Amino acid sequence: DDELQTDGNRSGHFRNGDVGLAPTNEEVIRIIAAQLAEIGDQFDREIQERVVNGLVQHFLNENLSNEEITQHMSRVVRELMQAIPSDMEQEKAMLVLAMVLTKKIVNTVPFLLRRVFDSTVNYL
């Protein structure tokens, strides 16, 4: 019912001036957010520039449909998943990889933000 913000904080719902947060849920959410951030930092260091540049080229190709770009992003994430330790939850790792790739692409070519965002949302 509550929303998780990108900074790891929940957007509380106000009831009579009080934020409706359950203390145990808040701590669990912070722990998960911290774990995802740590995984993201690790992936950010390990993803090679050539992988990002390859994705950028696909996003720049206006002849490719959003579906084709999403499929390519999915292939790249699956390839990167092969290097992920097997003890890490696949779903979390795939989510974080997609988000890190999105960030790296947009940092490389900012005007692709809308197309990259849309493709990432479709992928997720």
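The values are calculated or read from the model by the stated rules, or taken from the named source; none is laboratory data. Keep in mind the model is a prediction, meaning the values are calculated, not measured. In case anyone asks, the SASA skips ligands and DNA or RNA and just uses the protein heavy atoms, side chains included. Shrake-Rupley method; radii C 1.70, N 1.55, O 1.52, S 1.80 Å.
Okay, here's what the table says:
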item: For segment 49-123: accessible area per residue (Å², 1.4 Å); result: 62
item: Segment 49-123 - percent of accessible surface contributed by carbon and sulfur, probe 1.4 Å; result: 51
